[in-house]
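Written below as structure tokens is the structure these notes are about.
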Amino acid sequence: MRRFVVEADGGSRGNPGPAGYGAVVRDGDTGRILAEAAEFIGHATNNVAEYKGLIAGLRAAREIDPDASVDVRMDSKLVVEQMSGRWKIKHPDMQPLAAEAREVFPRGRVRYSWIPREKNKEADRLANEAMDAGKAGRQWEPRPAVASGPAAAPAAEEPLETAAPKAGWAAPADLGTPTTLVLLRHGETHLTPEKRFSGSGGTDPELSEKGRWQAERAAEALAARGSVQAVVASPMRRTRQTAETVAARLGLDVRYEEGLREVDFGAWEGLTFAEARERYPEDLTAWLGSTKVRPTGGGESFATLTHRVGVARDKVLARYPGKTVLVVSHVSPIKTLVRLALGAPPDALYRMELSAASLCAVQYYADGNASLRLLNDTGHLR
């Protein structure tokens, strides 16, 4: 059984007053941060915010692996003692929140312990970020920075990423069988040859005739290799069609993962790069210069994409340890998985070529190390 550590906190500026919570989920063995959550919740007390942070942290852990055990660590003596069953919950505002927290994981799989505030800095930071965002009238967003251990602290100017640590020559020799993710980009749609923005906020096109041919060739190549044991895919139409073609050849079912969908390009959906630059020159320049900038019209930043793709990756790794899994997705999520495996900076996304129906492969080891084995292989399409 996999073990997680959830660190959660909440705060209220006024008690009651403007309130927010923060929570992080760590790998129980390595201390690496796997997920984070934060939210401004309006006018509330400290205790309500702390309970909501607990619930968010537990839910984030369940999203990664619903079969895991969880150690919850909080600097709220009240919440720890009440959830441990040693103190009665008398306040009517606390009772439904405690009941909600108990429903996230089965009884007996969550343990609670108190920690001093100075050891709960990450959750406290997130809670304050959420309150600051609420004060500014905006939503909280994750910040990108590699976090690889319990003492890792993100640089102030970079967001937190759920990134795999870099592999090294000094890694232990006996790490068991790695989990291999074979990354397949979907086949072409009618938008692909024209190089138009085609994300999760557009028309969700289906495969073109050429795209269906590409999916068949990928299916033949993967069947010939004979190593794929599971298929996971983005739920968008083009990835569903590609994944179902391959899975039918392999005799496997397809499991869909929302976190693998393409980034939302907002108002740029359906435009070529040149058209987007002509219509939104300042917005496009800002987007290219920072992973925290969203496309025009409320699209999705690459920082947000990185966070959800990292969570989706960890869910797949937790579900299929030691197996070879075909992951059918899109340009941006696959490039993000490759970048995180390499420990490369965010702008590395712009330095990769990823053709329609191409294959990449990354292996993940028990100590958290990752190794890129294949990039943009299109030999099966020749």
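Read-outs: derived from the displayed coordinates by stated rules, not from any lab. Computed from a prediction, not measured in an experiment: that's the story for all the values here. Every residue, glycine as well, gets a Cβ built from its backbone with ideal geometry; the counts of neighbours run over all protein chains shown.
Annotations
- Relative exposure of MET83, MET1, MET131, MET352, judged by other C-beta atoms within 10 Å (fewest first): MET1, MET352, MET83, MET131
- Angle between the chain longest axis and helix 94-104 axis [Cα atoms, degrees, rounded to 10]: 40
- The distance linking the stretch 256-314 with the stretch 78-115 is 39 Å (Cα centroid to Cα centroid, whole angstrom).
- For the stretch 179-381, average projected area of the Cα convex hull in nm²: 10.2
- In the chain, excluding the sites themselves, the longest stretch lacking any of the GluC sites (Glu not before Pro) that are in a DSSP loop with at most 11 other Cβ atoms within 10 Å is 195-352.
- Label-point gap, in nm, between ASP204 and ASP253 - each point 7 angstrom along Cα→Cβ: 2.1
- Degrees, to the nearest 10: 331-342 long Cα axis against longest axis of the chain: 70
- Separation in nanometres of the label points that stand 7 Å from Cα toward Cβ, at ARG3 and ALA286: 4.6
- Relative to the compact-globule estimate of 2.2 N^0.38 Å, the Cα radius of gyration of the stretch 3-135 comes out at 0.95.
- Residue order, fewest to most surrounding Cβ atoms within 10 angstrom, among HIS91, HIS330, HIS43: HIS43, HIS91, HIS330
- Cα-based values for the chain, radius of gyration first and Dmax second, are 21.8, 70 Å.
- Antiparallel bridge percentage (DSSP; both residues within the stretch 3-135; nearest 5): 65
- With Cα atoms, 0 to 90° folded angle of helix 209-225 axis to the chain main axis: 80
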